[in-house]
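Participant: So that we are looking at the same thing, I have put the structure below in C-alpha cells.
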Amino acid sequence: MSFTLAIVGRPNVGKSTLFNRLVGKKLALVDDRPGVTRDRREGEAHLGDLTFRIVDTAGLEEADPASLEGRMRAQTETAIADADAILFMIDARVGLTPADRAFASLVRKSGKPTILVANKSEGRGGEAGRLEAFALGLGDPIPLSAEHGEGLSELYDAVLDAL
Ligand code: GDP
Ligand code: MG
C-alpha cells in the first residue's frame, strides 16, 4: 500500500465520483457545483486485485473567487509532488478547456507516470472530447464512466502498468 495515485483535473470532471467508487465509501463530497471537494481526501482504493492509496484533489475551503485558482493550484501541486503516479481526468462531454490545459501542464512538468482518463464517456457524446484529449501530450485517453462504472478494466491495466 505504499503506492499513491493522485486524481488530478479541473473541478466537475468527476474526480470525487471515481474516488468514491474505488474507495467504496462516500468519503468525498460529490456535487454538481464545481470545486466542492473541500479538502484533500485520501483512501485505500480497490481495483480488481490491486490495492493502493488514492488522493482526491481540487479542494476549495471557502468561496473566494480572488484566490480560488491559486489555492486549487497549490493543493494540486502538493498532491502531484506526493504521488507516485497521476490519474489526470477530463470531461469527455465538455472536451478540453483552458483549465484542463493548465492542470495538464502541471502534471507534465512533474514528469510522473500519468494515466489520462476521459470521464463521462458512457453512451455516445464523449468521443469528440476524448479525441481532443490526445492533444494534452499525456498519452492515450482511457474512456471511463466513473458514475456508471464503465472502463474499469482498461483503468486496471493502466494502473498495473504504472505500479
Ligand atoms: P469533481 O469536482 O471532479 O470531484 O467532480 P464530481 O465527482 O463532484 O462530479 C461532478 C459532476 O459530474 C456530478 O454531477 C457527478 O454526478 C457527475 N459525474 C461524475 N462522473 C460522471 C460520469 O461518468 N458520467 C456522467 N454523465 N456524469 C458524471
Ligand atoms: Mg471533487
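The values are calculated or read from the model by the stated rules, or taken from the named source; none is laboratory data. This is a predicted model, so every value here is computed, not measured. So basically every Cβ, Gly included, is an ideal-geometry build from the backbone, and we count neighbours across all protein chains shown.
Participant: For Gly151, which of the numbered conditions (1) at pLDDT 95 or above; (2) in contact with a helix residue (DSSP H, G or I) (Cβ under 9 Å, 6 or more places away or on another chain); (3) within 13 Å of ligand 1 (Cβ to nearest atom); (4) not hydroxyl-bearing (Ser, Thr, Tyr) fails to hold?
Facilitator: The number of the failed condition is (2).
Participant: What pairs can you find where one residue is in the range 114-130 and closer than 24 Å to Ala81 by Cβ, the other is of a type in the set (Asp, Glu) and within 12 Å of ligand 1 (Cβ to nearest atom), and their Cβ atoms are less than 7 Å apart, with a gap of 6+ or different chains?
Facilitator: Final answer for the pair search is Asn119/Asp91.
Participant: Do we have Ser110 as in contact with a strand residue (DSSP E or B) (Cβ under 6 Å, 6 or more places away or on another chain) and of a type in the set (Ser, Thr, Tyr) here?
Facilitator: Answer is no for this residue.
Participant: Give the range 131-150 a look and list any residue that's within 14 Å of the chain's Cα centre (by Cα) and free of Cβ contacts under 8 Å to residues at least 40 places away in the same chain, or say none.
Facilitator: Correct list: Ile142, Ser145.
Participant: Please enumerate the residues belonging to the range 69-84 that are buried (at least 19 other Cβ atoms within 10 Å of the Cβ) and modelled with pLDDT of 95 or more.
Facilitator: Of everything in the range 69-84, just one residue is buried (at least 19 other Cβ atoms within 10 Å of the Cβ) and modelled with pLDDT of 95 or more, namely Ala83.
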